[in-house]
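Peer 1: Shown below is the structure under consideration.
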Amino acid sequence: MEEVSPSPPTPSPHLRDPRTVAVGAAAAVFVAFLASGLLVQTLNVAFGIWFTQLFVFLGLGWYVLRATGREPVRYTRLAFPGLAPVAFGFVLGVVNFFAIVAPVQYVAQSLLPPAWREIYDVADMFRGQSSLEMAFIVVSVTVVAPLCEEFFFRGVFFQGLRAHGGPAMRAVLLSAVVFSMFHLDPVGFFARVELGVLFGWLLVRTGSLWPAILAHTANNLVSMVLFFAARHLEMPEQPGSREQAKGMLMLVILGGAVLWALLAATRRFPSLLGPPRSREELEAPEAPVSLEPASRLLQLAVPWMLAAVLTLGTYKALDPLGIQLSRIDRDFPLRSVPEDAPDALQAERKALYELRVQARRGEIPLGEYAQERARQSKQKKTDVR
């Protein structure tokens, strides 16, 4: 009698469920995101941002899709939709920043406790950085982050939420909330939710991830330009004056008008967003998928793991000075200096960051910077505030 070899076990249907995959991927990415912040970004902020985006949001998201039998490029809608929708996404991102993001952020900064702003201070990543590191951070924030974050949040996570079918905007809103929560910024929470909704709407409307990526790029680019302009002109970061309120109101009116005109233009020129997608296409459930066998999971992970280890090792070998500086910063944390602090205290803190740049260039010994950093870190809270 001929023996019949047993068939391999059928994977649990629960593991194939796209919502389970989306939630599991979000949990794994969040843990990896926190671990990367603690282990990699403490070595160097500029390197850490790039590393986290590439290997956590892009790499881990890519691995989850491959492991669950999904083709990453097709699943996340990375097909190029044409020049018009991509350009429209970029312009929409610029206008949306002035019409909605900036006013919402202004209101949040005005109403929420000042201490909340210290939880997520964008300016911290630029203080004491060399010109090369500043350029690296700018490229990471304006190019790498939009691509990698959109790949995960609007690609992996959003597609998993809507894969059972039903109204796409429900998944758009939920993915926008999770996207904002990942930034761990209570002041910017609502502004980022609005951004997530905008990026999700662009994906749903155009059927491609690229308009959302370009809108994300535009938002970060405008924010970065205004940040550097404010630093150069020494403009106050905290809202509150009547002139600022009037200026923000005018921004809302003008920005809102331009935003309305852009959206109205899509009805007259449908090519700006590509051909309309039918409701059946938008709400169609995902086709069944087949999980990769367990023997393949390690093979899929090895290239990403090797690339991450080699990248980390290369950086540690090439930039020991930067790592030592980051260690000094970690050992001697500084309290923030508010804008209403005495001029002498603000000048002292500014001199410290200039000292760090000099140490980064090798113009002064590290010990000189460490000594001054240690002294300022021991200042009493009442002295700073």
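The values are calculated or read from the model by the stated rules, or taken from the named source; none is laboratory data. On a predicted model such as this, the values are computed, not experimentally measured, just so you know. Every residue, glycine as well, gets a Cβ built from its backbone with ideal geometry; the counts of neighbours run over all protein chains shown. When the accessible area is computed, the model is the full protein with side chains, heavy atoms only, and any ligands, DNA or RNA have been set aside. Shrake-Rupley method; radii C 1.70, N 1.55, O 1.52, S 1.80 Å.
Peer 1: If we scan the range 66-85, do we find a residue that is of a type in the set (D, E, K, R), over 20 Å from Phe227 (Cα atoms) and open to solvent by less than 20 Å² (accessible area, probe 1.4 Å)?
Peer 2: Step one: list which residues in the range 66-85 are of a type in the set (D, E, K, R), which gives 66, 70-71, 74, 77.
Now drop any that are not over 20 Å from Phe227 (Cα atoms), which leaves 66, 70-71, 74, 77.
Next, from what is left, pick out any that are open to solvent by less than 20 Å² (accessible area, probe 1.4 Å): 70.
Yes, the range 66-85 contains a residue that is of a type in the set (D, E, K, R), over 20 Å from Phe227 (Cα atoms) and open to solvent by less than 20 Å² (accessible area, probe 1.4 Å).
Peer 1: Can you name the residue in the range 261-286 that is part of a loop (DSSP other than H, G, I, E, B), surrounded by 12 or more Cβ atoms within 10 Å (Cβ to Cβ) and at pLDDT 75 or above and is also farthest from the chain's Cα centre (by Cα) among such residues?
Peer 2: Looking at residues that are part of a loop (DSSP other than H, G, I, E, B), surrounded by 12 or more Cβ atoms within 10 Å (Cβ to Cβ) and at pLDDT 75 or above, I get Gly274.
Peer 1: Go through the range 287-316 and count every residue that is under 30 Å from Tyr353 (Cα atoms) and either in contact with a helix residue (DSSP H, G or I) (Cβ under 6 Å, 6 or more places away or on another chain) or open to solvent by 80 Å² or more (accessible area, probe 1.4 Å) (or both).
Peer 2: We begin by selecting, within the range 287-316, every residue under 30 Å from Tyr353 (Cα atoms); these are 311-316.
Filter once more, so that each one left must be either in contact with a helix residue (DSSP H, G or I) (Cβ under 6 Å, 6 or more places away or on another chain) or open to solvent by 80 Å² or more (accessible area, probe 1.4 Å) (or both): 315-316.
Residues meeting the conditions: 2.
Peer 1: If Val95 satisfies every condition in (1) more than 27 Å from Ala22 (Cβ to Cβ); (2) modelled with pLDDT under 95 but one, which is the exception?
Peer 2: Every listed condition holds for Val95 apart from (2).
Peer 1: Let me ask something else. Select from the range 194-222 the residues that are free of Cβ contacts under 8 Å to residues at least 60 places away in the same chain and among the aromatic types (Phe, Trp, Tyr) and write down the one among them that is surrounded by the fewest Cβ atoms within 10 Å (Cβ to Cβ). Steps first, please.
Peer 2: Taking the range 194-222 as the starting set, the residues that turn out to be free of Cβ contacts under 8 Å to residues at least 60 places away in the same chain are 196-197, 199-201.
Adding the requirement that they be among the aromatic types (Phe, Trp, Tyr) leaves 199, 201.
Details: Phe199: 32, Trp201: 19.
For the range 194-222, the residue satisfying everything is Trp201.
Peer 1: Do we have any residue at all in the range 107-122 that's under 30 Å from Gln324 (Cβ atoms), out of contact with any Ser or Thr (no Cβ under 9 Å at 6 or more places or on another chain) and either at pLDDT below 90 or among the β-branched types (Val, Ile, Thr) (or both)?
Peer 2: Pass one, the range 107-122, residues under 30 Å from Gln324 (Cβ atoms): 117-122.
Going one step further and asking which of them are out of contact with any Ser or Thr (no Cβ under 9 Å at 6 or more places or on another chain), we end up with 119-120.
Keeping just the survivors that are either at pLDDT below 90 or among the β-branched types (Val, Ile, Thr) (or both) gives 119-120.
Yes, the range 107-122 contains a residue that is under 30 Å from Gln324 (Cβ atoms), out of contact with any Ser or Thr (no Cβ under 9 Å at 6 or more places or on another chain) and either at pLDDT below 90 or among the β-branched types (Val, Ile, Thr) (or both).
Peer 1: Among the listed residues Phe182, Phe126, Phe153, Phe189, identify the single one that is within 27 Å of Pro81 (Cα to Cα) and either hydrophobic (A, V, I, L, M, F, W, C) or open to solvent by 10 Å² or more (accessible area, probe 1.4 Å) (or both). Quick ask: steps written out before the conclusion?
Peer 2: Numbers: Phe182 fails: within 27 Å of Pro81 (Cα to Cα); Phe126 fails: within 27 Å of Pro81 (Cα to Cα); Phe189 fails: within 27 Å of Pro81 (Cα to Cα).
From the options Phe182, Phe126, Phe153, Phe189, the qualifying one is Phe153.
Peer 1: For the range 79-90, name all the residues that are touching a helix residue (DSSP H, G or I) at 6+ places or on another chain (Cβ under 7 Å), at pLDDT 95 or above and among the aliphatic types (A, V, I, L, M).
Peer 2: Selection gives Val86 alone.
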